[in-house]
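Colleague: Before anything else, here's the structure in question.
The values are calculated or read from the model by the stated rules, or taken from the named source; none is laboratory data. Given the structure is predicted, the values throughout are model-derived calculations rather than measurements. Quick reminder, even Gly has a Cβ in these numbers, built from the backbone with ideal geometry, and neighbours come from all protein chains shown.
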Amino acid sequence: MMTKEELLGKIDVVLLDLDGTVYLDETPIGNAARTLERLREGGKQLIFLTNNSSKTEEEYRKKLNRIGLWGRGDLVYTSGMATAAYLKKHHAGEKVYLVGTQAVRAEFAGAGVLLDEEDPDLCVLCYDVELTFEKIKRLNFFLKAGKPFIATHPDDVCPTKDVPMPDVGSFLALFKRSSGRDPDLIIGKPFTPMGEELSALTGVPRERMCMIGDRMHTDIRFAAANDMKSVLVLSGETTRETMKNFPDKPDLVLETVNDIL
């Protein structure tokens, strides 16, 4: 493993997972606000990076501002935003049946994605916390008809205060059973399309980026797949014991994000 000083000297962009990394629910982890400010002062671009495609960039920005973690020059990037960027680049002008919340549908439309409920060219599945049987039925119909199928991310569950809630990965299991289809492409962590979109967004090569997160199978795998540096923090899902169950090795293992400095 490299030292903190070596790692910070090799990166320009810090990608920060959210829950379990910089906050727990509504509470910043330790003095995360000061840590993030010192990273900004050190010339690092901070990007809050999440697989959760049930919320918009604006919703996340408001929360980070409310709990004191937002700063000048920061960006939020969700798997939904990466998917919209991917569609604009690779499926320009094509009509999309989008399963997502009303706010996220508006965000996609605002990004220039053409939404269509009747005769789409392809289908996209987000983490839809407003999911209805009508949406399930319609998506299943289009999948059985062979429409190309993209999912924003693969997470089985979304952590909540009480019981983890079914996320896109669980929805995918449902559609696999009903339509026989797996997605043709998954955009978010740990896959490479979101890494490619981040590099296009920032103009920074991926080897000059560092992913900081609490999950081996999404955050650290994402960094490895995209040739990024990585820092595992033990303030969320992973422990020193469970990290041994995964093939990827982070560049640093820290108790919390605050130990980066």
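Colleague: Any chance you could count how many residues in the range 94-118 are in contact with a strand residue (DSSP E or B) (Cβ under 7 Å, 6 or more places away or on another chain) and more than 20 Å from L201 (Cβ to Cβ)?
Modeller: So the answer is 11.
Colleague: Of the residues R177, R221, R206, R181, which single one is more than 30 Å from K4 (Cα to Cα), modelled with pLDDT of 95 or more and buried (at least 17 other Cβ atoms within 10 Å of the Cβ)?
Modeller: R181
Colleague: Working only within the range 12-60, note down all residues that are assigned to a loop (DSSP other than H, G, I, E, B), over 26 Å from A151 (Cα atoms) and in contact (Cβ under 8 Å) with a residue 40 or more places away in the chain. Give the derivation first.
Modeller: Residues of the range 12-60 that are assigned to a loop (DSSP other than H, G, I, E, B), as a first pass: 12, 17-18, 20-22, 25-26, 29-31, 42-44, 51-56.
Those still in the list that are over 26 Å from A151 (Cα atoms) too: 12, 26, 29-31, 42-44.
Passing the criteria: D12, E26, I29, G30, N31.
Colleague: Sticking with this one: Being part of a helix (DSSP H, G or I) and farther than 23 Å from L174 by Cβ narrows it down to one of Y86, Y77, so name that one. First the steps, then the outcome.
Modeller: Values: Y77 fails: part of a helix (DSSP H, G or I).
It is Y86.
Colleague: Still on this structure: Name the pairs: first residue in the range 119-144 and part of a loop (DSSP other than H, G, I, E, B), second residue surrounded by fewer than 21 Cβ atoms within 10 Å (Cβ to Cβ) and of a type in the set (D, E), Cβ to Cβ under 7 Å, at least 6 apart or on different chains?
Modeller: Hits for this filter: D121/E94.
Colleague: Consider K63 against the criteria (1) buried (at least 21 other Cβ atoms within 10 Å of the Cβ); (2) more than 18 Å from T202 (Cα to Cα); (3) without any contact (Cβ under 8 Å) to a residue 40 or more places away in the chain: it satisfies all of them except one. Which criterion is unmet?
Modeller: (1)
Colleague: Of the residues A225, A151, which single one is touching a residue at least 12 places away in the same chain (Cβ under 8 Å) and under 30 Å from G43 (Cα atoms)?
Modeller: When all the criteria are applied, what remains is A225.
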